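Nothing in this text is a laboratory measurement; each read-out follows from the coordinates by a stated rule. For clarity, every value in this text was computed on a predicted model and none was experimentally measured. Positions of Cβ are backbone-derived with ideal geometry, glycine not excepted, and every protein chain shown enters the neighbour counts.
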Amino acid sequence: MTPVLIAQLSLTLFVFVMLLSSAAGMVYFERKVAALLQQRMGPYLVGPKGLLQPLADIIKLMFKEELRPRAADTLLFTLAPVMAATAAFAAFAVVPFGASTTLFGLLDEPLRLQVADVPVAVLVIFAVASMSVYGIVLAGWSSNSKYSLLGGLRSSAQMISYELSYGLALASVLVIANSLSLTEVVNRQAGTWFGFIPRWLIFLQPVGFLIYMTAGIAETNRAPFDFPEAEQELVAGYHTEYSSMRFAMFFMAEYINMVTVSAVATDLFLGGWHGPFLPESFGWIWFLLKVAAILFFYVWMRWTLPRYRYDQLMRFGWKVLLPIAVVNLIVTAAGVLYFDVR
Amino acid sequence: MTLFYLFGAIAVGSSLLVIAQRNPIHSVLLLIASFGALSGLYVLLDAPFVAVIQIIVYAGAIMVLFLFVVMLLNAPVEETEADLARPYLLLRSGPMRAGALLAIALGVELVWALTRGTETGVFAGGSVSSVRDIGRILFTEYSFAFEVTSVLILVAMVGAVILARRERRAGGAPE
């Protein structure tokens with residue numbers, strides 16, 4: 001065991017634990033922000049300022065009775081939440097969240113703050129995002145209940161529709177960055193234009209950023225696109241029949257997916273760990289701040305906008321978002337080719 | 001080498017299990033497992049781009065559509081008991097007979113291809129790890145095959161649209 005290998009393994013474990021706790025933290029964050037937006041108190045009884053509320057929720061969920069419909073497909077019913085959670089964790093493996101560090105001289109070689117530095121990282125994220133639909137669809141089908149099935153069908157239709165725009169938004173960033181590696185995409189956003197505008201890609205790709213965020217919200221099934229679990233029509237959608245920890249796994253997967261989408265948006269559009277005032281070794285603070293800002297935006301959206309109607313969602317995805325994404329990609333490619341916009 | 005045999009075993013095993021399933025949803029899932037193992041083999045061949053594309057296109061897009069269709073049809077039983085009682089595939093009903101013939105043809109082809117010798121086709125680009133090289137070769141050396149494939153997909157798309165339209169005109173409610 002070399003020190004680098006130990007550092008790599010502990011980094012993997014660290015990311016895993018951080019993602020787990022980020023899901024719990026998000027539950028608290030979301031409830032507090034929701035309370036703020038609705039002029040309520042939010043959780044405040046368990047622990048100081050209600051900080052231990054997520055922990056109490058988890059303990060409650062663990063001790064709940066595990067129910068399974070008699071007509072359910074046992075194998076797939078058990079497998080579906082596992083698939084959802086696995087896909088959620090897998091995507092973050094290729095997301096870099098800080099500059100290389102030697103941990104204040106502890107290591108001989110610098111360690112990349114990224115679980116796996118894959119040369120095609122952006123595509124890996126897209127691939128994992130496209131795999132995350134399986135958990136939801138299979139949960140809907142294997143429950144053998146009409147609400148679950150409808151929720152599962154809606155979610156697969158929605159995810160397929162918005163995946164295209166999501167992919168095209170990624171592609172227009174790649175055309176500018178001229179690389180498929182997330183680390184390289186982040187590193188080319190270092191520095192400033194004219195000394196005060198940070199060289200973040202959001203300034204070159206404002207449309208791409210909007211498309212990415214819209215499609216990202218749809219991909220993670222969040223309001224205003226939360227049809228798979230529209231409670232007024234579908235009880236709870238694909239996880240209607242789930243209870244106890246299996247339900248908790250879906251819940252966790254949704255929050256981790258949100259964190260991943262925000263982290264990827266930070267890396268692609270907001271300059272990752274690059275920012276003023278802090279030395280590069282503390283760049284991860286910038287990264288966390290930016291991710292938190294996007295997550296706040298997510299929660300803000302949910303408690304501000306009403307849910308779309310299903311046909312509106314489909315029409316918007318195919319007839320508005322996709323054409324804009326295609327035009328954006330073509331304009332970007334032309335800009336790079338003829339005007340050398342880099 | 002261990003990894004090669006592992007991925008190979010998963011790919012072959014799950015492919016065989018695909019056709020052994022009675023429930024089409026399980027078949028779809030096993031096919032996804034097989035694609036995953038194939039993409040692992042591409043990684044071992046130092047072609048990460050091809051591996052990821054394999055996942056995106058097959059496991060991520062095509063199989064989701066398969067799953068969607070199978071779920072909508074929701075017909076887990078695909079053959080009758082009387083049909084299964086017949087001992088030989090060639091005596092069973094129409095589609096199975098055609099399928100059996102195709103399988104035999106494919107088996108013969110496979111044996112022929114494997115016994116032809118050990119010469120391997122040399123990839124014109126040399127390396128498949130670079131996206132740039134793949135793109136260049138695809139649009140120069142293999143541009144004809146590329147364009148023909150796109151026409152083929154266009155034809156399939158037009159066909160699907162026509163089939164969907166005809167069904168609606170026959171009196172069924174629009175979806």
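Structure data summary
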quantity: Ranked list, fewest to most other Cβ atoms within 10 Å of each Cβ, for B:109, A:65, A:219; calculated: A:65, B:109, A:219
quantity: Cα centroid separation, segment A:1-70 to segment A:111-190 (Å); calculated: 23
quantity: Residues A:311, A:267, B:46 arranged by fewest to most Cβ contacts within 10 Å; calculated: A:311, B:46, A:267
quantity: Highest to lowest packing among A:5-13, A:324-332, scored as the average C-beta count within 10 Å; calculated: A:324-332, A:5-13
quantity: Cα shape, segment A:25-82, gyration tensor, a/c 1.5 rule; calculated: prolate
quantity: Gained length - residue B:105 relative to residue B:9, 0.36 nm times residue gap less alpha-carbon distance; calculated: 32.2 nm
quantity: Integer Hz, Karplus 6.51/-1.76/1.60 couplings in order for segment A:147-160, x for Gly and Pro; calculated: 5, 4, 4, 4, x, x, 5, 4, 5, 5, 4, 5, 5, 5
quantity: Net lengthening on full extension, residue A:59/residue A:297 (0.36 nm per residue, minus Cα-Cα); calculated: 82.8 nm
quantity: Segment A:23-158, relative contact order in percent, only Cα pairs under 8 angstrom and at least six apart counted; calculated: 21
quantity: Cα-based helix-to-principal-axis angle, A:322-338 vs chain A, degrees rounded to 10; calculated: 10
quantity: Number of partner chain Cβ atoms within 10 Å, mean per residue of B:42-55; calculated: 3
quantity: For residue A:100, distant residues with modelled amide H under 5 Å away; calculated: A:113
quantity: Cα-based shape type of segment A:1-98, given that a ≥ b ≥ c are square roots of the gyration tensor eigenvalues and the cut on a/c is 1.5; calculated: oblate
quantity: Per-residue mean of C-beta atoms belonging to partner chains within 10 Å, peptide A:65-75; calculated: 1
quantity: Area projected by the alpha carbon convex hull of segment B:1-74, averaged over all directions, nm²; calculated: 4.6
quantity: Distance cut-off 15 Å, percentage of C-alpha pairs in segment B:1-44 lying past it; calculated: 36
quantity: √(5λ) per eigenvalue of the Cα gyration tensor, segment A:245-287, largest first, Å; calculated: 30, 11, 5
quantity: Residue among A:277, A:297, A:16 with the largest mean-square fluctuation in a Gaussian network model of chain A, springs linking Cα atoms under 10 Å; calculated: A:277
quantity: Column: log10 I(q)/I(0), Debye, Cα scatterers of segment A:140-208, q = 0.11, 0.12 Å⁻¹; calculated: -0.47, -0.52
quantity: Ranked list, fewest to most other Cβ atoms within 10 Å of each Cβ, for B:153, A:285; calculated: B:153, A:285
quantity: Scattering curve values for segment A:245-342, log₁₀ I(q)/I(0), Debye with Cα scatterers, q = 0.12, 0.15, 0.22 Å⁻¹; calculated: -0.66, -0.95, -1.14
quantity: Range of Cα positions in segment A:285-336 per principal axis (Å), largest first; calculated: 36, 35, 10
quantity: Cα-based equivalent ellipsoid of the protein assembly as shown: semi-axis lengths in Å, sorted from largest, via gyration tensor; calculated: 39, 32, 25
quantity: Nearest 10 degrees, 0 to 90: helix A:283-304 Cα axis against chain A principal axis; calculated: 40
quantity: Between 0 and 90°, nearest 10: helix A:53-62 axis offset from chain A longest Cα axis; calculated: 50
quantity: Mean separation of Cα contacts under 8 Å, 6 or more apart, over the residue count of segment A:154-267: relative contact order %; calculated: 27
